[in-house]
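Read the figures in this text as sums done on the coordinates, not as results from a lab. Here the structure is a predicted model, which means the values were calculated and not measured. We place every Cβ from the backbone using ideal geometry, glycine too, and count neighbours over all the protein chains shown.
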Amino acid sequence: MTLRTLLATTVALTFAGQALAQDFNDPAEFKKQREQLSMTPQGPEGQPWAQHLGDGMVDTAKYKKDGQVTLCFSNAGVFNPWRVVGLNNLNAEAELHKDRLKELIVVDAEGKDDKQISDIEALVSGGKCDALIVSPNTTAALTPAVEAACGKLPVVVFDRGVNTSCPVTYIHPVGGYGFGITSGEFIASKLKKGDNVLALRIMPGVDVLETRYSAAKNIFDEAGINVIGSEFTGSDRAKTKSVVEDYINRGEKIDAVWMDAGDTATAALEAFEDAGLPYPVISGEDQQDFLRKWQSEKLTAIGPSYPTYQWRTAVIAALDVLDGKQVPGPEWVLPQPAITEDVLANYVDERMPPLHYSLCGCQELPGYPERWGGKK
């Protein structure tokens, strides 16, 4: 079977209840994630990165390995601030396990599917890795490489999914539907039928981003709210501002801005400032610059999250697997809180840089806050 044929085949597969890669609009998954948003997590109190939703567990006794171990991590990249914070989390978590962890090998795919496929093949064939952690760049394209790796060593996938059930566990917060539900319902509650929302998105083809949009779009459609545009910005602040300016200059009435990731939320708001227009209702994320803007300008806003503390969980899970411990699975679902007006002040931290994500779970990790660019 050629790689092209294999790739086409994997697109047609499902993974643990996820929507088909071509669709990303699964009513059953939408319903499940809506329920998960209100579930009480299991695990140590105050440590959401070590908690899980649901009762499923995976036996990993066959992977038990004595002595120090080497973990290998194939990262999609550090092409946005969320991933920069996450990688700091992962490296700092690894420092907590020096007695068990001989080496952590990290390779960066630079946002390129072909490079990540090559990276994974090199890691697996190199013979140094006792377990492989993967944060896929895109869902369907990385599935064959992950499946091939599963045949050689235990694999833990997190953040973005793949269309195969072969990893020991797939770590993620509630998910893209949950993110879209939280933000979509908030915006719908602040608008009236016939109002307009502009959707700003990062890139196509990534499951957690596609499902965020499909969930929010379903909510807007049900509420009779018009989505006047769905624009990809590539997480570029200048492009985000330019897109919003184009809509404003065309005379479009924008009552709300919905974002599938909030790292350019303040750039979107700048377009309204420059035009002398009132701020719209907006969904951002748990990023410091947005939270400060929200607080200072008294925005009508919400900060849904896809918490960066999951990068800690990936290391914990891989080491638990090599210890032969049971781990939540086949999906390790983490809590996915949102920042709302009533708790906003708890998350604004002037010590941290503008692009820092507040739900990092990193405050007790080695090197905090300087490792994350903060000031003591």
Residue count for segment 108-133, restricted to those that are touching a helix residue (DSSP H, G or I) at 6+ places or on another chain (Cβ under 6 Å) and either at positive phi or of a type in the set (A, V, I, L, M, F, W, C) (or both): 8
Take segment 70-93 and flag every residue that is crowded, with 20+ Cβ neighbours inside 10 Å and free of Cβ contacts under 8 Å to residues at least 60 places away in the same chain. Arg83
Pairs only if they're at least six apart or on different chains, beta carbon under 6 angstrom, first in segment 254-273 and over 11 Å from Arg237 (Cβ atoms), second of a type in the set (Gly, Ala, Ser) and part of a strand (DSSP E or B); list them, first residue then second. Trp258/Ala199; Trp258/Ser283; Met259/Ser283
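If the requirement is being at positive phi and in contact (Cβ under 8 Å) with a residue 24 or more places away in the chain, which of these qualifies: Gly324, Gly276, Gly284? Don't jump to the end; show me each part of the working.
Numbers: Gly276 fails: in contact (Cβ under 8 Å) with a residue 24 or more places away in the chain; Gly284 fails: at positive phi.
When all the criteria are applied, what remains is Gly324.
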Selection within segment 156-168 - touching a Ser or Thr at 6+ places or on another chain (Cβ under 9 Å) and closer than 18 Å to Glu121 by Cβ: Val156, Val157, Val162, Thr164
What number goes with the only condition from (1) closer than 28 Å to Lys65 by Cβ; (2) of a type outside the set (Lys, Arg); (3) crowded, with 21+ Cβ neighbours inside 10 Å that Ala216 does not pass? (1)
Residue pairs, Cβ under 9 Å, 6 or more apart or interchain, first in segment 94-118 and in a loop (DSSP other than H, G, I, E, B), second buried (at least 16 other Cβ atoms within 10 Å of the Cβ) and of a type in the set (Asp, Glu). List them. Arg100/Asp323; Ala109/Asp119
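Take residues that are under 19 Å from Tyr170 (Cα atoms) and tell me which of the helices (runs of 4 or more DSSP H) falling wholly in segment 257-376 contain 2 or more. Can you show your working first?
Numbers: elements: 265-274, 288-297, 310-322, 344-347.
It comes to 310-322.
Within segment 299-314, does at least one residue satisfy the condition of being closer than 30 Å to Val106 by Cβ, in contact with a Ser or Thr (Cβ under 6 Å, 6 or more places away or on another chain) and buried (at least 21 other Cβ atoms within 10 Å of the Cβ)? Before the answer, list the steps.
So the first thing to find is which residues in segment 299-314 are closer than 30 Å to Val106 by Cβ, and the list is 303-314.
Of the ones still in play, those that are also in contact with a Ser or Thr (Cβ under 6 Å, 6 or more places away or on another chain) are 304.
Still in the list and also buried (at least 21 other Cβ atoms within 10 Å of the Cβ): 304.
Among the residues of segment 299-314, at least one is closer than 30 Å to Val106 by Cβ, in contact with a Ser or Thr (Cβ under 6 Å, 6 or more places away or on another chain) and buried (at least 21 other Cβ atoms within 10 Å of the Cβ), which makes the answer yes.
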